[in-house]
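Asker: Okay, here's the structure, questions in a sec.
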Amino acid sequence: MSEDRVTETAASSSKGRPARKAEAGFFARIALFIRQVIGELKKVVAPTRKELINYTLVVLVFVAVMMVIVSLLDIGFGTAVGWVFGGSGATDR
């Protein structure tokens, strides 16, 4: 039963017009691409001010948490390497 269904992709749906054939010219394909990009951009919904502030805070908190994790790993690995190789830090020759 699912073989009988015909699925429609975004590339082939252009407001009731049939899909263009592959032998369309180079500039025709570019024009089709630009029309599709414009059509997709019209669907974009800009976030409200409250959503934008919320998203910004989430990103900043995530970055801060990742900085703490990476810093702790860096300190831990640095300490482990110093302990394994017995380095005192300064190399006086």
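Asker: Going through the stretch 42-55 one residue at a time, which ones are assigned to a helix (DSSP H, G or I), of a type outside the set (A, V, I, L, M, F, W, C) and over 16 Å from the mean Cα position of the chain (by Cα)?
Answerer: 42, 49, 50, 51, 54 - these are the residues of the stretch 42-55 that are assigned to a helix (DSSP H, G or I), of a type outside the set (A, V, I, L, M, F, W, C) and over 16 Å from the mean Cα position of the chain (by Cα).
Asker: Residues of the stretch 1-29 being surrounded by 11 or more Cβ atoms within 10 Å (Cβ to Cβ), modelled with pLDDT of 60 or more and not in a loop (DSSP other than H, G, I, E, B), which ones?
Answerer: 28, 29
Asker: Pairs only if they're at least six apart or on different chains, beta carbon under 7 angstrom, first in the stretch 71-83 and touching a residue at least 60 places away in the same chain (Cβ under 8 Å) and of a type outside the set (Lys, Arg), second assigned to a helix (DSSP H, G or I) and loosely packed, with under 10 Cβ neighbours inside 10 Å; list them, first residue then second.
Answerer: Partner pairs satisfying both residue conditions: none exist.
The values are calculated or read from the model by the stated rules, or taken from the named source; none is laboratory data. Since we're looking at a predicted model, the values are computed, not measured. All Cβ positions, glycine included, derive from the backbone under ideal geometry; neighbour counts span all protein chains shown.
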